[in-house]
Amino acid sequence: MTQYTILGRLRLMTALDDEGARNALPLCQAALLQLLPQVRRGANHEDPRLDQLAATAAFCMLLQRETTADEAYAGFKVGDISVTKKTPNPREGLARAEALRAQACAEARDLLCDTSFFAGTKAF
């Protein structure tokens, strides 16, 4: 699992051109750095499920960045002429990406540390 294998997975999920891929590489590196501490000791770091999980995390980061950019600028108007960027709802895309991430996390569960915490109460 490297930032480049994660980028390869991300490119399969998106329509990134070469420039977009160069811009997304830091997101892939960030996703890798977030995931590494969660991988179980002794787990196979070459398992493609880890690459997929990191790629979905990078995809979420990419969509969050684009959502912020799209909200800041959607079009312009000069006199009687207006141009508006017509895009699908970015929040829906982000919700779908987060669902993909949750699915990838579930599929790689046996490779990850159990970080959940449960504190129960006992009834008397």
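Brief remarks on what is shown
- Residues that are among the small types (Gly, Ala, Ser) and either outside any helix (DSSP H, G or I) or under 15 Å from Leu112 (Cβ atoms) (or both) within the stretch 48-67 comprise Ala54, Ala57, listed in sequence order.
- Among the residues listed as Leu33, Leu27, the single one being surrounded by 16 or more Cβ atoms within 10 Å (Cβ to Cβ), in a helix (DSSP H, G or I) and on the phi < 0 side of the Ramachandran plot: Leu27
- Residue match in the stretch 38-47 (condition: part of a helix (DSSP H, G or I) and among the β-branched types (Val, Ile, Thr)): no
- The residues of the stretch 9-20 that are part of a helix (DSSP H, G or I) and more than 11 Å from Ala58 (Cβ to Cβ), listed by number, are Leu12, Asp18, Glu19, Gly20.
- Test: residue in the stretch 48-66 that is surrounded by fewer than 16 Cβ atoms within 10 Å (Cβ to Cβ), modelled with pLDDT under 85 and touching a Pro at 6+ places or on another chain (Cβ under 9 Å): yes
- The stretch 76-111 - residue that is at pLDDT 85 or above and of a type in the set (Asp, Glu) and, of those, surrounded by the fewest Cβ atoms within 10 Å (Cβ to Cβ): Asp110
- Selection status of Leu16, in contact (Cβ under 8 Å) with a residue 24 or more places away in the chain and either crowded, with 22+ Cβ neighbours inside 10 Å or touching a helix residue (DSSP H, G or I) at 6+ places or on another chain (Cβ under 9 Å) (or both): no
The values are calculated or read from the model by the stated rules, or taken from the named source; none is laboratory data. Quick caveat, the model's predicted, so the values are computed rather than measured. FYI the Cβ positions are ideal-geometry reconstructions off the backbone, even for glycines, and counts take in every protein chain you see.
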